[in-house]
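Down below is the structure, laid out as structure tokens.
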Amino acid sequence: MTLARFLSLLFCSLALAPAMAHLLELPNKIGLPRDAYLTVQHIYDGWALLGFVVYGAIFSTLALAFLTRRRGREFAYALAALLCIAGTQVIFWTFTFPANQATANWTMLPDDWLALRTQWEYSHAASAVLNLAALLAVILSVLRGTREAP
């Protein structure tokens, strides 16, 4: 149980870091002209390697939810965290990934690039909110669990 709690806290925290970076840069990037936006997008080269963090967050919150399944609110918070992390994946595969595909990972801009930019930026913003909610839910689950006897 301690390991599941630790890993959930660790991976949800790590997943929040790049998500918050995307959210915080949005106001400064959303209005950039075509060439500047394409240039700035290269700051994310190599970020796909962070996929292991997402898998870590999914599997650790799944383990936490499973281990707390008979613990009332502790389980409810762990399940909420898992659903939030899963929600980030729904957003990614529904909105972010198609924009990446349409732009060859932002190495070229098609005619509809403005719509794709909006889709990409706001999908990351939504994921950041869900990642934050997941971390808060894991914290509440851990706090609830450490208050009660195992």
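The values are calculated or read from the model by the stated rules, or taken from the named source; none is laboratory data. Bear in mind that the values here come from a model prediction, so they are computed numbers and not experimental data. Quick reminder, even Gly has a Cβ in these numbers, built from the backbone with ideal geometry, and neighbours come from all protein chains shown.
Of note:
- Single unsatisfied condition, A80 versus (1) under 15 Å from H22 (Cβ atoms); (2) under 17 Å from the mean Cα position of the chain (by Cα): (1)
- Within the range 21-48, being over 19 Å from the mean Cα position of the chain (by Cα) and among the polar types (S, T, N, Q) holds for N28, T39.
- Per the listing L136, L114, the residue uniquely without any contact (Cβ under 8 Å) to a residue 60 or more places away in the chain and more than 30 Å from L38 (Cβ to Cβ) is L136.
Residues checked against (1) in a helix (DSSP H, G or I); (2) of a type in the set (F, W, Y); (3) out of contact with any Leu (no Cβ under 8 Å at 6 or more places or on another chain); (4) under 16 Å from Q41 (Cα atoms):
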| position | (1), (2), (3), (4) |
| --- | --- |
| L82 | yes, no, no, no |
| V90 | yes, no, yes, no |
| W93 | yes, yes, yes, no |
| L114 | yes, no, yes, yes |
| T118 | yes, no, yes, yes |
| E121 | yes, no, no, yes |
| A128 | yes, no, no, no |
| L132 | yes, no, no, no |
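- Note on the range 32-68: residues that are surrounded by fewer than 17 Cβ atoms within 10 Å (Cβ to Cβ), assigned to a loop (DSSP other than H, G, I, E, B) and modelled with pLDDT of 95 or more amount to 2.
- Complete set of residues in the range 4-31 that are touching a helix residue (DSSP H, G or I) at 6+ places or on another chain (Cβ under 8 Å) and either among the aliphatic types (A, V, I, L, M) or not in a helix (DSSP H, G or I) (or both): A4, L7, L9, L10, L14, A15, L16, A19, M20, L23, L26, I30
- Taking the criterion of being modelled with pLDDT of 95 or more, in contact with a Ser or Thr (Cβ under 9 Å, 6 or more places away or on another chain) and not hydroxyl-bearing (S, T, Y), the residues of the range 118-150 that qualify are Q119, W120, H124, A126, A128, L130, N131, A134, L135, A137, V138, V142.
Each row is one residue, and each column tells you yes or no for (1) out of contact with any Phe, Trp or Tyr (no Cβ under 8 Å at 6 or more places or on another chain); (2) closer than 18 Å to A137 by Cβ.
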| position | (1), (2) |
| --- | --- |
| L24 | yes, no |
| P27 | yes, no |
| D35 | yes, no |
| Q41 | no, no |
| W47 | yes, no |
| Y55 | yes, no |
| L62 | yes, yes |
| G72 | yes, yes |
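- Exclusive hit being surrounded by 21 or more Cβ atoms within 10 Å (Cβ to Cβ) and without any contact (Cβ under 8 Å) to a residue 40 or more places away in the chain, set W120, W93, W106: W120
- In the set (1) modelled with pLDDT under 95; (2) farther than 21 Å from V90 by Cβ, N105 fails one condition alone, (2).
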